[in-house]
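In what follows, a single structure is set out as structure tokens and then discussed.
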Amino acid sequence: MAEIKDFSPHQPLGSSTFLQQLVDCLPMGAMIVNTQANILFVNESLADILGYSADELLTIDIDSLLPNEFQANHKHLMSQFFNQPRKRQMGVGQELHAQRKDGTHIPIEIGLNPLQHEGQTFVLATLIDLSSRLRASRMFQRSIQDAPHGVLVVDSDGTIQLTNAVLCASFGYTQEELLNKKLDMLLPERYRKHHDGLRHSFHQNPMPRMMGVGRDLTALHKDGREFPVEIGLSPFEDEDNKNMVFVFVLDITQRKRMEQELRETNTNLEEFTYVASHDLRSPLRGIADLLDWVKEDLGDGTPEEVTKNLNRIEVRIQRMEQLIDNLLAYARAGKIDANTQEINVNILLDNVFELLDVPEGMTLERDVQLERFVSTWTPLETVIRNLLSNAIKHHDTKKGTIVVRCKAENNLCHFEICDDGPGIPEAACKRIFRLFQTVTSSERSGTGIGLSVSRRLVETHGGSIDVKANTTQRGMTFHVWWPRFLRKDNHD
């Protein structure tokens, strides 16, 4: 117990400079109280915390600094303390609050330090405002609970101290079933015998990292089934300087399913492509050769009706060959072209316009507001050419205008191909991008492949495509949103 050396019992207590200096030098709120519960000295920090002036605190009853429900018993508790004074923290394990002058309650931490001089006992009470600390703690808790992925907080012994709803949903447990349990319960049995060693190794050299890079990691659901996960580790120290680890767990079951479905789709498409290019084209070529031999055998005296039928067979063979070529083009459109370069939009349009068969009376115009960006040239040129060819082919008058516009739109390059043709029925707008779909059943000359290829190319390279009816004139406008910045997921 500390003893006051310079306090004279014949000197009024309020004139002691030592006690005032004692409370003033403390970095937290502080006051000195006697056995009658009178406040004798306070510092400015305490006055600021409680919203009083220092002079006001010297005149008020100490009980008024407590919430109303604790005031009645406070004098009895003080009496017990002075009967057995010792240095201690008040309310260990409890939430303590003080009442400010304005009536609001603030969370606090109180330390009691008894002082003795010539038979007189005083107490130095220190008070810390925990409002900021609790706000930070609540923000910490809320950030974990609101995280869009599973989060665990684990101590150095591998015990779960905190978790969130997303993780519980992934594993099928409640939070109560996981708290204060070993992390091993979430691991498949075959991993557990090595986990302690891996955990100790991590704590010897703690640093943020991903677990099992390049490995197929799985976690154990409550029902005994395993599911694929990605796991990240991030070490930190808590407020008590204990070594803790954030464990971020992402359930990638849905992604794995999609990847498997995509692999199966691509495998089926590759097999179909092989069949189309070899098993179909070869017999078709043989039929064409037989047709030529039949024509040679019949010679010039072939009846007109027979010649007509032979020519019809030849046309059907050509259409079948074109169909195979289109199917191969559609299959190849699903592969990303990784050859990126700076694209000059005007030069790209020059190349497209030069190769188009534009009828006399048809006008092609351009409005280019975004001239340059970096992307893949050939796929984009193919899409623009397909859309322009489509607009020219289906125009129903001898004169018309097709306008190509290009502008920046956020991180995309927005192309518009606007025509003044007959338009597309609203019901057909949703299906024209499907394979082998045409606007009307009377379009015998079309294969319904060009727009499907265009959509496949655009989406494969991270963009999107749509078509809308014009509002100020007849016709349609095709919209293509093409990425104008390189992305790792599209251009690796």
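All of the numbers you see were taken from the coordinates with simple rules; none came from a lab. As the structure is a prediction and not an experimental result, all values here were calculated from the model. Please note: Cβ atoms are built from the backbone with ideal geometry, for glycine as well, and neighbour counts cover all protein chains shown.
See the values below:
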read-out: The chain, helix-only ellipticity at 222 nm - DSSP H runs n ≥ 4, -39,500 (n - 2.57), divided by all residues, nearest 500; value: -12000 deg cm²/dmol
read-out: Distance cut-off 28 Å, percentage of C-alpha pairs in region 340-491 lying past it; value: 16 percent
read-out: Residues GLN120 and GLN141, FRET efficiency given R0 of 45 Å [Cβ-Cβ distance, rounded to 0.05]; value: 0.45
read-out: Rg and Dmax [Cα atoms of region 2-129; Å; Rg one decimal, Dmax integer]; value: 14.1, 42
read-out: Stretchable slack from PHE353 to HIS194, in nm (0.36 nm times residue separation minus alpha-carbon distance); value: 50.7 nm
read-out: All-pairs Cα distance distribution in region 169-295, expressed in whole percent, bin size 10 Å; value: 10, 27, 23, 11, 9, 8, 7, 5, 1, 0
read-out: For the chain, the fraction of alpha-carbon pairs in successive 20 Å shells from zero, as %; value: 16, 25, 24, 18, 12, 4, 1, 0
